[in-house]
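The values are calculated or read from the model by the stated rules, or taken from the named source; none is laboratory data. Quantities reported herein were computed from a predicted structural model and do not represent experimental measurements. Neighbour counts are summed over all protein chains in view; Cβ atoms, including those assigned to glycine, are modelled from backbone coordinates with ideal geometry. Accessible surface areas use protein heavy atoms only, side chains included; no ligands, DNA or RNA. Shrake-Rupley method; radii C 1.70, N 1.55, O 1.52, S 1.80 Å.
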2 protein chains.
Amino acid sequence: MKKFLDDADTLLEHSLRGFALAHADLVQLHRAPTFVARRARKPQGHVAVISGGGSGHEPLHIGYVGQGMLDAACPGQVFTAPTPDQMLAAAQAVEAGAGVLFIVKNYSGDTMNFQMASDMLAIQHMTVLVNDDVAVENSTHTSGRRGVAGTVIVEKVVGAAAEAGIDLAGCKRLGDRTNACTASMGVAFSSCTVPAAGVPTFEIGAGEIEMGVGIHGEPGRRRELIKPASVIVDEVLDAVLSDLSPPPGQSLLLLVNGLGGTPLMELYLLLQLAVQRLAREGFQVDRVRVGNLTTALEMAGASLTLTMLDDELRALWDAPARTAAFAA
Amino acid sequence: MKKFLDDADTLLEHSLRGFALAHADLVQLHRAPTFVARRARKPQGHVAVISGGGSGHEPLHIGYVGQGMLDAACPGQVFTAPTPDQMLAAAQAVEAGAGVLFIVKNYSGDTMNFQMASDMLAIQHMTVLVNDDVAVENSTHTSGRRGVAGTVIVEKVVGAAAEAGIDLAGCKRLGDRTNACTASMGVAFSSCTVPAAGVPTFEIGAGEIEMGVGIHGEPGRRRELIKPASVIVDEVLDAVLSDLSPPPGQSLLLLVNGLGGTPLMELYLLLQLAVQRLAREGFQVDRVRVGNLTTALEMAGASLTLTMLDDELRALWDAPARTAAFAA
């Protein structure tokens, strides 16, 4: 295993301290239990938006804490759900009199622990479950579809809604609606190595690509021989478009997400290919975003996400945000 | 070779088109010859700041075109210097009546071609040469020290100075001064693969680390067995501090740069370790920045950069910037 590491047991703690140092103007790190909260709290009467999940997907979720997105994020150990006490403490710390909205990626560990936190939480709260990954119906850690990079879009839209003073039920409705019009699929050239495990999560041949990979290295739809980027983009978009069935002329948000080990240059190539294809089919690609937004440690690969936009979602996507990893 | 790629010959062109699509609010892509220019031009009477170099180091330099940093960037093919006609065309397009400052990383191909452009350019101009890499004195593609991630700091400081209306000689002086108080060193766990070559630039054993690696995979100081992150940070900082010799209590900017294939979680660990060490020695780490800022394609590794700050440099570092990859 080749990593910058002293001790897998303390990696998360030291990394979070580094994160808090680097972004001290935006966030505060709370310990025992661990969560990252916005430094500048929302005024009373606004919904608090909280997410969380295993670490190793950075900048998700800690990098999205700040104005216009999350009020707090609860990081678990690498690829491991956070515990209910983290979510409870975060909710109590950042609630501002208008309830708490949890944004949860659909993995069994996450949904179970967020449910336990919900059961114990006296503050009014609701949950948005994100399951944008069209690759497979059930998976290693999931009953139903997985939540992947579309989570960033849900966090942005709901965070903007909460910032604008929309109430808890309204934020929940927007989150569910954003999730329903968002679909993603990813592919991988390489595995990733969980520090505490020390060996790659899966093996993949020198000439192979995993189509539909999950963000923990879970299997996708099929293992194939590597093909040209334009063919990969077409197959991923086939899957995503077939799920969403956007009408002709539909306004779309396209997110090109690197899984960690793929150079920006290749991500911009994917963007160009995806925009060309979508334009050929008569869709309006009105918004795009490129980068390592939801990663799987150092995995080489990428995912494409589409969200069908209307005026309301577009305005919330465009609303100001100021976080470590997302500015608008 | 595992890459998102249709054709190595057209990768740069399509990738640049994707970049221009993704950041159409900030930049314009010019073709034949190729350069990326700010969409919102500076008012007349301001110095135009231009950089360039081989592609594969993204977001350097194209990601730093915009308000408060570069007026234009000239991308060459992967790890290949841009041509003089690119620099000439960029200079003619973005000059605003107060001359042009070229920021050039010290590699033989870049310095030669920027010199040729200088010789042909009728507009008043000066050049800042960046050579912040303390790892080795001469290298594969370099006479003298290499220019690496410190380039981002020079681009930020000089860009802010030009935006503030400082004249050409003043911008040149600030650029040289920033370079003189900046030092960097990088390490690599893996090589990278230039798409047109198709094979890794160098071989490295499963348990090995290259101390002092260059951003094209050039050899560093020595090849060693992997060691704990805290030991790596200490050795890199030893080299950087020994070059800069900052006085006790010196105000520092710390940049933790990922070379492309290293997860953010590890970069934040490096930051925490570096800040601890610098604080122990009584330095003031007043500014920090973390991310993939100057990459070597998908290389796993990182570099640390320190700049000795005074009030003037700190204010220029803090000044507003709005580019694809850097906001302040």
inquiry  = Just to confirm my numbers, what's the Cα centroid distance between the stretch B:189-209 and the stretch A:297-312 in Å?
reply    = 29
query = For the pair A:Asp25 and B:Ser245, how long in nm is the line joining their label points, each one 7 Å along Cα→Cβ?
reply = 3.4
query = Taking B:Lys156 as the anchor, which lysines have their alpha carbon closer than 16 Å to its alpha carbon, excluding any fewer than eight residues away along the same chain?
reply = B:Lys42, B:Lys105, B:Lys172
request  = Give the nm distances, rounded to one decimal, from B:Gly165 to the matching residue in every other copy, measuring between label points 7 Å along Cα toward the beta carbon; shortest first.
outcome  = 3.9
ask   = For chain A, modelled as a GNM with alpha-carbon contacts under 10 angstrom, which of A:Asp85, A:Asp132, A:Asp311 fluctuates the most?
value = A:Asp311
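If you build the Cα gyration tensor of chain A and take the root of 5 times each eigenvalue, what three semi-axes come out, in whole angstrom, biggest first? List each step's numbers first, then the result.
Values: eigenvalues 171, 119, 56 Å².
For chain A, the semi-axes come out at 29, 24, 17 Å.
Out of all DSSP beta bridges in the stretch B:16-181, what portion is antiparallel? Express it as a percent rounded to 5.
On the way: 8 of 26 bridges.
In the stretch B:16-181, approximately 30 percent of DSSP beta bridges are antiparallel ones.
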remark   = Taking a ≥ b ≥ c as the square roots of the eigenvalues of the Cα gyration tensor, with a/c under 1.5 meaning rounded and otherwise prolate when a/b exceeds b/c and oblate if not, the stretch A:207-258 is prolate
remark   = Using a 1.4 Å probe on heavy atoms of the protein chains only, the accessible area for B:Ile209 in Å², nearest 10, reads 0
task = Report, ordered by chain and residue number, the lysines lying within cross-link reach of B:Lys227, taken as a straight Cα distance under 23 Å and ignoring same-chain residues fewer than 8 apart.
result = A:Lys2, A:Lys3
request  = Using just the helices of the protein assembly as shown, give the 222 nm mean residue ellipticity in deg cm²/dmol: DSSP H runs with n ≥ 4 each add -39,500 (n - 2.57), and the total is spread over all residues, rounded to 500.
outcome  = -10000 deg cm²/dmol
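Calculate the FRET efficiency for B:Ala197 and B:Ile123 from the Cβ-Cβ distance with a Förster distance of 51 Å, rounded to the nearest 0.05.
Details: r = 37 Å, r/R0 = 0.72.
Efficiency computed from Cβ-Cβ geometry: 0.90.
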request  = Run a plain Debye calculation on the stretch A:182-317 (Cα atoms as equal point scatterers, no solvent) and give log10 I(q)/I(0) at q = 0.16, 0.18 Å⁻¹, rounded to two decimals, same order as the q list.
outcome  = -0.78, -0.96
ask   = ³J(HN,Hα) across the stretch A:113-130 via Karplus (A = 6.51, B = -1.76, C = 1.60, θ = phi - 60°), whole Hz, x for Gly/Pro?
value = 6, 5, 5, 4, 5, 4, 5, 8, 7, 7, 6, 4, 7, 9, 10, 10, 9, 9
task = Identify which of B:Phe102, B:Phe79, B:Phe35 has the largest mean-square fluctuation in a Gaussian network model of chain B, with springs joining Cα atoms closer than 10 Å.
result = B:Phe79
ask   = Is there a simple number for the mean count of other chain Cβ atoms within 10 Å of the Cβ of residues in A:284-297, and what is it?
value = 2
remark   = Given backbone amide H placed at 1.01 Å from N, residues whose amide H is under 5 Å from that of B:Asn292, ignoring those fewer than 5 places away on the same chain, are B:Gly258
inquiry  = Amide H of A:Gln284 versus every other amide H placed in the peptide plane: which residues, excluding those fewer than 5 positions away on the same chain, fall under 5 Å?
reply    = A:Gly249, A:Gln250, A:Ser251, A:Leu252
ask   = For B:Ala180, which inter-copy label distances result when the label point lies 7 Å beyond Cα on the Cα-to-Cβ vector, reported in nm to one decimal and in ascending order?
value = 6.5
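Would you mind counting up the charge near B:Ala169? Only other residues with Cβ under 14 Å from its Cβ, with Lys and Arg at +1 and Asp and Glu at -1.
Details: positive: B:Lys172, B:Arg173, B:Arg177; negative: B:Asp167, B:Asp176.
That works out to +1.
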key: Where labels lie 7 Å past Cα in the beta-carbon direction, separation of B:Asp234 and B:Ala8 in nm   = 4.2
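Just counting partner chain Cβ atoms within 10 Å, what average do the residues of peptide B:269-278 show around their Cβ? Please report the intermediate quantities before stating the final value.
Values: counts 14, 4, 7, 10, 5, 2, 4, 4, 0, 0.
So the per-residue partner count for this stretch is 5.
Could you tell me the relative contact order of the stretch B:19-118? Use alpha-carbon pairs under 8 Å, at least six residues apart, and round to a whole percent.
Numbers: 206 pairs, mean separation 29.8, N = 100.
Relative contact order comes out at 30 percent.
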inquiry  = Taking the Cα centre as origin and putting +1 on Lys and Arg beta-carbons and -1 on Asp and Glu beta-carbons, what dipole magnitude results for chain B, to the nearest 20 debye?
reply    = 440
message = Starting from the 7 Å offset along Cα-to-Cβ, what nm value, one decimal, do you get for the label separation of B:Ser143 and A:Glu137?
response = 6.9
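How high is the relative contact order of chain A? Use alpha-carbon pairs under 8 Å, at least six apart in sequence, and give a whole percent.
This gives 18 percent for chain A.
Count the DSSP beta bridges whose two residues both fall in chain A, then state the antiparallel fraction as a percent rounded to the nearest 5.
The antiparallel fraction comes to roughly 55 percent.
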query = In bins 10 Å wide, starting from 0, what share of all Cα pairs of the stretch A:16-181 does each bin hold, as a percent?
reply = 12, 44, 37, 7, 0
Pseudo-label separations to other copies for A:Gly45 - Cα-to-Cβ vector, 7 Å, nm = 4.6
ask   = Around A:Val130, which amide H atoms from residues at least 5 apart in sequence, or from another chain, sit under 5 Å from its own amide H, with H modelled in the peptide plane?
value = A:Val104, A:Lys105, A:Asn106
remark   = With Cα springs under 10 Å, the Gaussian network model of chain A assigns the largest mean-square fluctuation among A:Ser15, A:Ser190, A:Ser108 to A:Ser15
query = How much net charge surrounds B:Leu101 when only other residues with a Cβ under 11 Å from its Cβ are counted (Lys, Arg +1; Asp, Glu -1)?
reply = -3
